[in-house]
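Q: Before I ask anything, let me first share the structure, which is written out below as C-alpha cells.
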Amino acid sequence: MVLNTTSNVSTTAEELQGTHAIANFQMAFSQTLVCVLLYVNCAMIFTFFKKEAFRENTRYILFAHMLVVDTMQLALVDLAVVIVYCRIFPPDGVRILLSMLMFALSCHTPLTLTAMCLERYVAICMPLRHADISTVKAAWVSIGIVWVIGWVPTSIDLFIVIATKRPPIYTEGEYVFYEIMLRYPWQYILKSSICLFYFAVIVGIVAFTYIQIIRVARSASADKNSTSKASNTITLHAFQLVLCIVVLICPLIEAEVKKIDAKSLSSVRYFDFIVFTLSPRCLSPLIYGLRDEKFSRVIKYYIICGLTKTVVPVAVDM
C-alpha cells in the first residue's frame with residue numbers, strides 16, 4: 001500500500017514537472033513572437049510618421065491606424081498572458097477595463113481592414129473620383145466611425161453590468177478574460193448576435209469589393225498590374241479578416257470548453273492566442289511591409305536602425 005502511494009506521488013510529481021516544462025516553453029515561444037511583432041510594428045509606425053508622403057495618403061493612414069490598434073491589442077493580450085503565467089489576480093476594476101479594451105481593439109482591426117478594402121475599391125473602380133473621395137479627412141472620419149462601432153458591444157455589456165448591479169460571477173481566483181462581463185445567459189446570445197451581424201456585414205463588403213475589382217480587371221482598358229495587386233491585397237485582407245473575426249467568438253468557444261473540460265481550457269486559450277491573435281498581426285507586415293514597393297523601401301532602412309545606405313526619398317501615388 002505504501003509502495004502504491006509512493007508510486008502515485010512520483011507519477012503526480014512527474015506530471016506536474018512536465019506541465020511546468022510545457023508552460024515554460026509556450027511562454028518563451030509566445031514572448032519571442034510578441035517581441036518580434038512589436039518591434040516590426042513599431043518600426044513601421046515610425047516609418048509612417050517619418051515620411052510626410054505616407055501621412056498624406058488615405059491607404060497608409062488606415063494602415064498606420066491598424067498597426068497602432070494591433071500593437072495596443074498585442075501588448076494588452078500579452079499582458080493578460082503574463083498575468084495568467086505569473087498567477088497575478090488584478091482588482092475587479094482593472095480586469096473589467098482590460099477585458100473591454102482587448103475586445104474593443106479586436107473589433108477595430110477587422111473594421112479597419114474593411115475600410116481599407118473599400119479604399120482599394122474606390123481606387124480601382126472609381127479612379128476619376130478617387131482623389132475627391134479618398135481624402136485625408138475621409139480617412140480620419142473612417143477611423144472615428146471604426147472606433148464608435150468597435151466600442152458598441154463592450155459598451156452594451158458595461159451598461160448591463162452597471163444597470164443590473166448583480167454580484168459578479170467571478171471570484172478572487174479569476175484572471176483577465178471577457179467572461180467576467182457576461183453575467184446572464186442571454187448576454188452570450190446577444191454578444192453572439194452582434195458578432196455574427198458584424199461578420200455578415202464585413203464579409204459582404206469584402207466580397208463586393210473583390211468581385212467589383214475582378215470585374216474591372218477583366219475589362220480591356222484596365223491597368224492589369226494595378227488591379228492584380230489590388231485583388232491580391234483584398235484576398236490577403238480577407239484571410240486576415242477571417243482570423244481576426246474568429247477572435248470575436250473565441251471567448252464564447254472558451255466558455256463552452258470550460259463547461260465541458262476545464263483542464264483543456266488553458267491549451268485552447270494558448271492556441272487561440274497564437275493562431276487568432278498573433279497570426280493576423282504577421283500578415284500586416286507582409287501585405288504592406290514587403291509587398292508594397294514604396295513602403296518596403298523605407299521600412300527596410302528603419303527596421304535595422306539605419307545601418308544601410310541613406311534611404312531614398314519616396315513619393316506616394318494617390
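Q: Summing Lys, Arg as +1 and Asp, Glu as -1, what charge do residues with Cβ under 14 Å from the Cβ of TYR121 carry, TYR121 excluded?
A: +4
Q: Once the piece of chain linking CYS35 and VAL82 is laid out straight, how much longer is it, given 0.36 nm per residue of separation minus the C-alpha distance between them?
A: 15.6 nm
Q: Let me ask something else about it. Which pairs, out of LYS51/LYS229; LYS191/LYS259; LYS137/LYS294; LYS50/LYS229; LYS137/LYS191, put more than 30 Å between their alpha-carbon atoms?
A: Among LYS51/LYS229; LYS191/LYS259; LYS137/LYS294; LYS50/LYS229; LYS137/LYS191, the Cα-Cα distance tops 30 Å for LYS137/LYS191.
Q: By per-residue mean of other Cβ atoms within 10 Å, what is the highest-first order of 66-72, 199-205, 184-190?
A: In decreasing order of mean packing, 66-72, 199-205, 184-190 become 66-72, 199-205, 184-190.
Q: Now a separate question. Rank-order 276-283, 109-116, 77-84 by packing density, defined as the average count of other C-beta atoms within 10 Å over each peptide's residues, highest first.
A: Ranked from most to least packed, the peptides come out as 109-116, 276-283, 77-84.
No lab work stands behind these numbers, since they all come straight from the coordinates. On a predicted model such as this, the values are computed, not experimentally measured, just so you know. Every residue, glycine as well, gets a Cβ built from its backbone with ideal geometry; the counts of neighbours run over all protein chains shown.
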